[in-house]
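Student: First, the structure itself, so that you have it in front of you.
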Amino acid sequence: QVQLVESGGGLVETGGSLRLSCAASGGTVSNYHMGWFRQAPGKEREFVAAIRWNGGSTLYADSVKGRFTVSRDNAKNTVYLQMNSLKPEDTAVYYCAASVKSILVSRYTYDYWGQGTQVTVH
């Protein structure tokens with residue numbers, strides 16, 4: 001059973017940056033593809049970014065492409081989401097998730113989820 005804990009959220013001004021971290025325990029993150037999702041109040045949880053188990057490829061939602069960067073450090077069992085040029089519409093709870101399946105844009109293919117970290121852009 002993999003436990004995921006997100007950190008790094010907070011309050012930031014429009015145009016600012018944040019780096020989210022997702023630390024894994026109880027399992028080896030290198031065994032999993034990792035994704036980031038977000039959920040704003042009253043909205044569905046949506047895909048943000050994902051990275052394959054070996055970091056060989058990444059995927060991004062169109063809304064964050066060019067602004068967000070997903071990366072991983074398997075030696076530290078940690079995945080990151082660097083968020084630049086933040087906009088008010090990026091405000092949401094951000095979740096990381098782990099999957100052994102190859103379709104990474106759907107939240108239904110993920111096996112493990114963190115509790116989320118709040119990002120507020122004003």
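Student: State whether one or more residues within segment 83-95 are open to solvent by less than 50 Å² (accessible area, probe 1.4 Å), over 19 Å from GLY8 (Cβ atoms) and touching a residue at least 12 places away in the same chain (Cβ under 8 Å).
Tutor: Within segment 83-95, not a single residue is open to solvent by less than 50 Å² (accessible area, probe 1.4 Å), over 19 Å from GLY8 (Cβ atoms) and touching a residue at least 12 places away in the same chain (Cβ under 8 Å).
Student: Could you please let me know if LEU104 is within 12 Å of the chain's Cα centre (by Cα), assigned to a loop (DSSP other than H, G, I, E, B) and not β-branched (Val, Ile, Thr)?
Tutor: Details: within 12 Å of the chain's Cα centre (by Cα): yes; assigned to a loop (DSSP other than H, G, I, E, B): yes; not β-branched (Val, Ile, Thr): yes.
When the stated conditions are applied, LEU104 passes them.
Student: Starting from residues that are among the polar types (S, T, N, Q) and at pLDDT 95 or above, keep the ones in segment 100-122 and report whichever is least open to solvent (accessible area, probe 1.4 Å).
Tutor: Only one residue tops the list, namely THR117.
Student: Looking at (1) in a strand (DSSP E or B); (2) over 17 Å from GLN39 (Cβ atoms); (3) open to solvent by 20 Å² or more (accessible area, probe 1.4 Å), find the lone condition where GLY66 falls short.
Tutor: Failing condition for GLY66: (1).
Student: While we're here: Name the one entry in GLY56, GLY35, GLY16, GLY10 that is open to solvent by less than 30 Å² (accessible area, probe 1.4 Å) and closer than 18 Å to LYS101 by Cα.
Tutor: Sole residue among the options that is open to solvent by less than 30 Å² (accessible area, probe 1.4 Å) and closer than 18 Å to LYS101 by Cα: GLY35.
The values are calculated or read from the model by the stated rules, or taken from the named source; none is laboratory data. Just so we're clear, the structure is a prediction, and the values are computed from it rather than from any experiment. All Cβ positions, glycine included, derive from the backbone under ideal geometry; neighbour counts span all protein chains shown. What goes into the accessible areas is simple: the full protein's heavy atoms, side chains included, and nothing from ligands, DNA or RNA. Shrake-Rupley method; radii C 1.70, N 1.55, O 1.52, S 1.80 Å.
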